[in-house]
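Bear in mind that the values in this text are calculations on the coordinates, not laboratory data. On a predicted model such as this, the values are computed, not experimentally measured, just so you know. Cβ atoms come from the backbone with ideal geometry, glycine included; neighbour counts cover every protein chain shown.
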Ligand code: TNX
């Protein structure tokens with residue numbers, strides 16, 4: 001089939017799916033109670049008491065301290081267009097008076113017809129309470145008003161690490177795009193953004209002591225069309241933007257493989273002293289740093305030092321995946337020295353699962369993508385684990401064979417398949433104590449712009465966020481898919497270009 005024919009066929013298929021969508025159910029607006037019962041991620045407990053609604057009118061005011069008030073006011077403006085006043089007698093209240101059981105990220109939310117109150121111990125808890133509140137705000141068209149059903153929510157997260165990874169190396173994404181992604185994932189209560197900053201196809205972060213890395217190594221991306229990089233000032237802006245949303249940026253500089261962009265920028269990083277050509281393909285496993293060279297260790301030290309200085313969070317991710325061009329003994333030595341350098345810079349090393357083969361300990365975090373054996377090795381050495389099973393949560397995997405972008409080496413992942421796996425039992429023998437949480441990576445070989453990002457991330461990411469935030473008890477696809485279907489109009493309103501899976505009845 002030629003390209004034109006296959007595109008035409010796709011167009012027909014999409015048109016057909018649209019017809020099904022319109023014929024099943026129509027688009028009745030959600031009631032306030034339906035919104036209350038459709039929150040994603042599902043709160044630990046929530047109860048719409050049926051007593052009535054709280055109305056957000058044009059005179060609405062909030063009562064909160066500066067930091068918490070800013071998020072609350074912005075949320076109300078975003079949802080309703082109404083800019084709330086701020087005052088002592090505001091009817092929407094955020095207060096750091098939560099009970100101890102809420103921990104650092106939990107919140108209580110109470111709605112009566114007179115007022116709305118979010119209580120927490122820490123600003124992070126208020127922030128997550130605000131994210132829930134946003135989903136509760138409902139338009140009542142017949143009354144011509146914004147409402148919230150009365151009731152209460154009590155909520156604490158299940159896992160500490162709730163993240164997504166964005167690959168800005170294969171295709172570059174602007175500061176504005178990354179901020180948009182931060183907002184999208186924060187609204188589902190994710191608190192880690194792993195940025196894959198370097199790879200064979202591009203180096204995306206300014207390193208002042210090695211300027212060619214970004215200036216030369218940042219010029220390319222997959223398929224051509226130029227690349228880009230973040231200056232340290234821009235990167236710091238992203239770190240601060242994320243921190244304001246209680247999110248930690250986890251920067252990854254992938255080594256010793258996946259390093260062609262660096263090897264093209266500095267000839268003396270290669271064992272033969274010759275520069276590599278810049279690379280715009282998608283094959284992996286051909287590049288490696290040269291262990292014997294002093295310049296390599298100077299480079300690693302400088303990169304980790306500069307990156308540590310501009311990263312407020314505790315983690316540095318050293319990649320370490322698929323180092324097929326590095327000899328095994330070199331790889332083991334490499335990771336060991338990485339770990340020491342990261343630690344010298346007062347950071348915690350995170351590495352892909354392969355790094356478990358080296359000299360790691362309880363101060364290291366391992367990111368699982370397919371090998372239970374590596375996880376068991378990591379745990380036996382004391383490390384903690386982030387779950388990123390490729391065949392369940394790699395967002396760059398296609399939904400099915402007709403998905404217009406994406407890969408499928410690990411699986412086709414339909415929306416239900418990203419949700420119905422069990423994090424608690426995914427790796428036999430891995431205990432809850434050793435599981436830091438879940439991260440859903442979006443690799444960027446086929447992902448060129450925010451429409452592509454949104455199409456692959458939505459609607460799978462909200463479900464994965466739920467696996468990370470919500471308790472596993474009583475979880476079921478049949479229950480979740482109703483909430484997700486009810487979430488459709490919300491994603492439309494936010495202009496999220498999501499995949500309308502036929503396995504969900506969209507409102
Ligand atoms: C595997 S799994 C990779 C990435 C690719 C991705 C594509 C792992 C740690 N690395 O280099 O981009 O597959 O799906």
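For the reader, a short list of remarks on this structure follows.
- Between residue 243 and residue 301, the modelled label-to-label distance comes to 2.7 nm, taking each label 7 Å out from Cα in the direction of the beta carbon.
- Angle in degrees between helix 175-186 and the longest Cα principal axis of the chain, rounded to the nearest 10: 50
- Counting every other Cβ atom within 10 Å of each residue's Cβ, 393, 253 order from fewest to most as 253, 393.
- Tail weight of P(r) past 15 Å, computed on alpha-carbon pairs of the stretch 188-234, percent: 47
- The stretch 242-294 and the stretch 80-127 have Cα centres lying 45 Å from one another.
- Residue 57 paired with residue 175, simple spin-label distance in nm, labels 7 Å along Cα-to-beta-carbon: 4.3
- The chain - share of DSSP beta bridges that are antiparallel (%, nearest 5): 35
- Working from label points 7 Å from Cα in the Cα-to-Cβ sense, the residue 113 to residue 231 distance is 5.7 nm.
- Scaled to the globular estimate 2.2 N^0.38 Å, the Cα spread of the chain, given as radius of gyration, is 1.01.
- FRET efficiency for residue 100 and residue 74, using Cβ-Cβ distance with R0 set to 30 Å, rounded to 0.05: 0.60
- Rounded tilt (10° steps) of 66-80 against the dominant C-alpha axis of the chain: 70
- Long-range tail of P(r) for the stretch 66-147 (Cα pairs > 18 Å, %): 40
- Fraction of antiparallel bridges per DSSP, the stretch 133-214 only, in percent to nearest 5: 50
- For the pair residue 65 and residue 86 in one chain, pulling the backbone fully straight at 0.36 nm per residue adds 6.6 nm over the alpha carbon distance.
- For 246, 408, the sequence from fewest to most other C-beta atoms within 10 Å is 408, 246.
- Multiplying the residue separation of residue 327 and residue 492 by 0.36 nm and removing their Cα-Cα distance gives an extension gain of 54.4 nm.
- Cα-based helix-to-principal-axis angle, 294-309 vs the chain, degrees rounded to 10: 20
- Of the residues 344, 236, 91, 328, the one with the fewest other Cβ atoms within 10 Å heads the list, and the complete ranking is 328, 344, 236, 91.
- Gain on full stretching of the segment that runs from residue 500 to residue 208 - 0.36 nm per residue minus C-alpha separation: 100.6 nm
- Euclidean distance of C-alpha centroids, the stretch 42-75 and the stretch 395-454, integer Å: 33
- Residue-averaged [θ]222 nm for the chain, counting only DSSP H segments that reach four residues, each worth -39500 (n - 2.57): -10500 deg cm²/dmol
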